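Report on one structure; see the data block that follows.
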Amino acid sequence: MNIILLLLITLVLSWFWWFLFKKFKVLDKPGSDLKNTRKPVPTLQWIFVILIFMVWVLVVYPDYYSNPLFLGLLIPGLLIWVVETIEELSYLWKFPKIPPFARLIVHLIAAFLAVWIGWIGNQEFVLWDMVYHIPNWLFTIAFMFWTMFCINAINWFDWIYAQWSWVSAIWFLTIYLLLRFVVFESYDTFTNYDVLVMVKNLSLFLFIISLVYTFIEYKPLWLVRDVWIMFFWFAIAYLSVAWWVKIWTLIVALSLVIFDAVWVWLYRIFVLKKNPLNWDYTHFHHRLMWLWFSRWETRAFIWIWSLIMMIFMLLQWANRFHKLIIFVMMACLFFWINAYLFLYKKLPCWLQIKKER
């Protein structure tokens with residue numbers, strides 16, 4: 001019943017804000033070459049997406065607001081939300097933008113605060129049946145790197161409406177299903193049971209919101225822009241290490257985004273000899289469109305691929321060795337195909353624009 005109620009709340013509030021923004025003409029200004037020529041649609045929706053999440057938690061699990069683990073997600077997440085909101089408003093109303101370097105510093109500070117507020121340091125990991133303790137300082141540095149990687153990987157995977165929303169939904173769903181049907185079914189005792197339950201519940205909330213906005217942004221009806229991407233993938237980075245034990249399953253399940261980010265960085269640095277932060281058309285979805293996929297076909301391919309990989313990894317249950325083999329095979333396949341297309345076939349870094357079919 002909670003799921004149905006939360007879904008209805010999201011839909012009702014979203015359509016209410018859509019009507020409100022439409023009435024007062026708070027609209028975006030379309031013009032990206034990878035997005036359809038269309039009429040302006042309501043924007044600033046990211047403000048209410050975050051509020052929906054906070055209200056959900058307040059109504060269903062109000063005690064979470066006194067839990068350090070939840071506050072470690074909420075407070076740094078809101079810091080990112082504020083900075084990215086100012087950045088988005090600068091595009092709408094033409095006031096000075098926040099320098100990219102300043103945004104980067106804010107993201108790093110948020111990651112540091114998440115470890116400090118959420119008490120998620122001092123963790124252990126298992127490798128070949130050996131348990132290794134991670135010092136808190138080393139974990140903090142690793143988490144800051146992991147957070148920056150997640151935020152930028154999914155930000156680069158945007159540029160086609162609803163593409164990243166679905167990928168976000170799949171990752172949150174993977175966390176939920178892993179906990180619900182693998183971790184809780186495979187182990188008898190837990191030293192952090194309350195943490196696992198909270199991560200499971202928050203992942204379910206965020207999955208429903210991401211799924212709803214996958215359909216909302218498809219045409220689009222209205223937009224949530226990069227602010228939601230940054231906040232939600234900060235949440236993904238945080239939730240994926242808050243319980244740690246199955247992070248490799250998540251990495252393999254959404255390896256498409258991760259491999260794409262790694263490839264683009266390496267290609268821009270060593271082949272194109274340029275700053276890897278300078279955008280071009282070398283991402284996976286760009287290559288699909290260059291190969292004459294329509295936007296709809298590109299979205300469908302990525303959506304189905306992500307879903308299949310999630311199911312495939314869940315079917316491996318708790319077998320770490322099988323998951324490691326799959327990860328290595330996927331990496332070899334992905335990078336071999338990219339090397340063939342870009343280095344051997346000399347695929348250009350530009351894109352011929354097509355209309356939606």
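Read-outs throughout are calculated quantities, based only on the coordinates presented, and are distinct from any laboratory measurement. Since this is a predicted model, take the numbers as computed values, not measurements. Methodologically, a virtual Cβ is constructed for each residue, glycine included, from the backbone with ideal geometry; neighbour enumeration extends over all protein chains shown.
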With label points set 7 Å from each Cα along the Cα-to-Cβ direction at residue 341 and residue 270, the distance between them in nm comes to 1.9
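Sorted from fewest to most neighbouring beta carbons within 10 Å, what does the list 287, 295 look like?
Fewest-to-most ranking of 287, 295: 287, 295.
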Between the modelled labels at residue 322 and residue 109 (7 Å from Cα along Cα→Cβ) the distance in nm is 4.6
Which loop chymotrypsin sites (Phe, Trp or Tyr not before Pro) in the stretch 42-106, with loop taken from DSSP, have no more than 12 other Cβ atoms within 10 angstrom of their Cβ? none
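Of 203, 255, 186, how do they rank once you tally other Cβ atoms within 10 Å and put the fewest first?
Numbers: 203 24, 255 21, 186 10.
Arranged by neighbour count, lowest to highest, 203, 255, 186 become 186, 255, 203.
Among 294, 306, which comes first, then next, by fewest other beta-carbon atoms within 10 Å?
Values: 294 14, 306 22.
Sorted ascending by nearby Cβ count, the order is 294, 306.
List the trypsin sites (Lys or Arg not before Pro) within the stretch 52-119 that DSSP assigns to loop and that have no more than 14 neighbouring Cβ atoms inside 10 Å.
Values: sites: 94, 97, 103; in loops: 94, 97.
Answer in residue order: 94, 97.
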